[in-house]
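The values are calculated or read from the model by the stated rules, or taken from the named source; none is laboratory data. For clarity, every value in this text was computed on a predicted model and none was experimentally measured. For neighbour counting, all protein chains shown are included, and Cβ atoms are generated from backbone atoms with ideal geometry for every residue, glycine included. Just the protein is used for accessible areas: all its heavy atoms, side chains included, with ligands, DNA and RNA removed. Shrake-Rupley method; radii C 1.70, N 1.55, O 1.52, S 1.80 Å.
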Amino acid sequence: MRILLVEDELRLSEALVHTLKKNNYIVDTAFDGISGQQMAETRMYNIIILDRMLPGKDGLDVLIDLRKQGITTPVLILTAKDSVKDRVEGLDSGADDYLTKPFSKSELLARIRALGRRQCEILINEEINIGNMSFNCMKGEVKVNGQIIKLTSKESQILEILIKNKNIVVSKEQLLEKIWGFQTDIELNNIEVYLSYLRKKLAKANCGIVIQTIRARGYCLKEAL
């Protein structure tokens, strides 16, 4: 499970990252609202932990913008504001849960587990229809006219990122970061190998989409004309 933590208090952020990684979560961090929203818009996270008071852009404004874009990733708001009015405002803005500071690590982990279970229920049968195919995010399967084209785990993750950013250029660095994480020895050229295999499978099945290489920028998925 991949979590996006948007928290500007450095010591708290470091402590939370340590706790989450110790419990086998993959964690990416942002320290302001603007970069946090940009990362959340990649739609590659199972859960977002979002501080309410952030530099650059307020956490609730980030949340409202994400919901307007149709991004349904579960969001847990962290805040020092503990009045009923503040909690209601956060939930009405689209938050799935609300945790006031200070909080215990065990309670945070319990709430993450609960949001994770809810997310799994939502995603278990999630299919994206595009071109001539349907793509099952959880199974990593492409289906065309009833025929299943099985993808490897990495091919499935690459396809999911490109589909969810249709018509938008995604760089090699972004693919590397989102799939393998910041700390990786995988070289950028390896992305081309996975893309080559993925393209062959999609073309052979006549999926109705193309993955274009945009020179010096990255890749862009579009529906075939």
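In the stretch 127-147, the residues that are over 13 Å from GLY208 (Cβ atoms) reach residues that are assigned to a loop (DSSP other than H, G, I, E, B) with C-beta atoms within less than 6 angstrom, at least six apart or across chains, in these pairs: CYS137/GLU126; MET138/ILE124; GLY140/LEU151. State whether one or more residues within the stretch 147-163 are at pLDDT below 85, in a helix (DSSP H, G or I) and either over 28 Å from THR29 (Cβ atoms) or hydroxyl-bearing (Ser, Thr, Tyr) (or both). Within the stretch 147-163, one or more residues are at pLDDT below 85, in a helix (DSSP H, G or I) and either over 28 Å from THR29 (Cβ atoms) or hydroxyl-bearing (Ser, Thr, Tyr) (or both). Scan ALA216, ALA203 and give me the residue that is in a helix (DSSP H, G or I), of a type in the set (A, V, I, L, M, F, W, C) and without any contact (Cβ under 8 Å) to a residue 40 or more places away in the chain. Residue meeting the stated conditions: ALA203. Pull out all pairs, ordered by first then second residue, where Cβ-Cβ is under 8 Å, the residues are six or more apart or on different chains, the first lies in the stretch 53-72 and is closer than 14 Å to MET39 by Cα, and the second is of a type in the set (Lys, Arg) and open to solvent by 20 Å² or more (accessible area, probe 1.4 Å). Close Cβ pairs (under 8 Å, with a partner that is of a type in the set (Lys, Arg) and open to solvent by 20 Å² or more (accessible area, probe 1.4 Å)) amount to ILE71/ARG43.
May I ask you to list the residues in the stretch 78-101 that are hydrophobic (A, V, I, L, M, F, W, C), touching a residue at least 24 places away in the same chain (Cβ under 8 Å) and under 20 Å from ASN46 (Cβ atoms)? Answer for the stretch 78-101, where residues must be hydrophobic (A, V, I, L, M, F, W, C), touching a residue at least 24 places away in the same chain (Cβ under 8 Å) and under 20 Å from ASN46 (Cβ atoms): LEU78, ALA95. Pairs linking a residue in the stretch 102-114 that is outside the structural domain of LYS81 (by the TED database) to a residue that is loosely packed, with under 14 Cβ neighbours inside 10 Å and part of a helix (DSSP H, G or I), with Cβ atoms under 8 Å and 6 or more positions apart or on different chains, do not occur. Note on the stretch 35-80: residues that are more than 17 Å from GLU7 (Cα to Cα) and of a type in the set (Lys, Arg) total 3.
In the stretch 75-99, the qualifying residues are those that are open to solvent by 40 Å² or more (accessible area, probe 1.4 Å) and within 19 Å of ASP8 (Cα to Cα), and the one that is modelled with the highest pLDDT is ALA80.
Only residues that are under 28 Å from VAL27 (Cβ atoms) and open to solvent by 70 Å² or more (accessible area, probe 1.4 Å) were counted across the stretch 195-225, and they come to 1. If GLU155 meets every condition in (1) buried (at least 19 other Cβ atoms within 10 Å of the Cβ); (2) farther than 20 Å from ALA224 by Cβ apart from one, which number is that one? Status for GLU155: all satisfied but (2).
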